[in-house]
Amino acid sequence: MSMERVRQAYASVADLYIELFGTREQVDPDDLALICRHLAGRPGKVLDLGCGPGHLTDYLRSWGVDATGIDVVPEFVAHARATYPSGNYRLGSLGDLDVADHSVAGILAWYSLIHLPPERLDGVLTTFRRALAPSGRLVLGLFSGDEVDAFDHKVMTAYRWPVDEIAARLARAGFTEVERLERPDGGAHRPHFAIAAVTIDG
């Protein structure tokens, strides 16, 4: 799945997406707390990759984090810049981070990997590992399932992942899991999980 297809798909529904998901109040408080625990209070830059409307970047900044929001969709970046003018938002993609090796303290990839074909995940995690400084933190949000499985997301094809499979792939990429949060199907939302990991130094 190319980033251009992702860009086009989200650009076509950008206004609706912003209305439905574009504020921190629309994020579960437990998810916000996990993000804060692992990415706030740490010196250095934090990247919010696939930042969408920019609300989580702004949430991190409200905790004093030097956070930059990066997204492939120009409409999202424009909205974030207009809504949170004190923030730092720019266009960019997950697999081509324009940062020096080991230069960032943390990465948030909150549902920004859901459209990534499974065969590309390991390469992206390796890119994250390259960008992160020693003891850097990575926080992911993904849809959960019993096996790696494609499904018809409202925007475009997305993938479910078993949380243990993600933990194993993180380990192969040079991370150690430090916390996970699993939420089963509540009727209105698909089952999902969040997982926080730290880089293995050395």
Residue match in segment 120-128 (condition: of a type in the set (Gly, Ala, Ser), out of contact with any His (no Cβ under 7 Å at 6 or more places or on another chain) and surrounded by 19 or more Cβ atoms within 10 Å (Cβ to Cβ)): no
Inter-residue pairs, beta-carbon under 9 Å, first under 20 Å from Thr157 (Cα atoms) and in segment 121-145, second polar (S, T, N, Q) and crowded, with 19+ Cβ neighbours inside 10 Å, 6+ apart: Leu140/Ser112; Gly141/Ser112
Residues of segment 23-59 classified as surrounded by 24 or more Cβ atoms within 10 Å (Cβ to Cβ) and either in contact with a Cys (Cβ under 8 Å, 6 or more places away or on another chain) or among the polar types (S, T, N, Q) (or both), total: 1
Positions within segment 51-62 being at pLDDT 95 or above and either assigned to a loop (DSSP other than H, G, I, E, B) or within 12 Å of the chain's Cα centre (by Cα) (or both), in sequence order: Leu56, Thr57
Options Leu94, Leu108, Leu116: the member that is in a strand (DSSP E or B) and touching a helix residue (DSSP H, G or I) at 6+ places or on another chain (Cβ under 8 Å): Leu108
Test: residue in segment 63-81 that is of a type in the set (Lys, Arg), out of contact with any Asp or Glu (no Cβ under 6 Å at 6 or more places or on another chain) and under 26 Å from Ala171 (Cα atoms): no
Residue within segment 64-77 that is touching a His at 6+ places or on another chain (Cβ under 9 Å) and part of a helix (DSSP H, G or I) present: no
Residue satisfying all of: in segment 161-202; surrounded by fewer than 12 Cβ atoms within 10 Å (Cβ to Cβ), of a type in the set (D, E, K, R) and part of a loop (DSSP other than H, G, I, E, B); modelled with the lowest pLDDT among these: Asp185
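The values are calculated or read from the model by the stated rules, or taken from the named source; none is laboratory data. What you see is a predicted model, and the numbers here were worked out from it, not measured in a lab. Cβ sites come from the backbone with ideal geometry, for glycine too, and all protein chains shown count toward neighbours.
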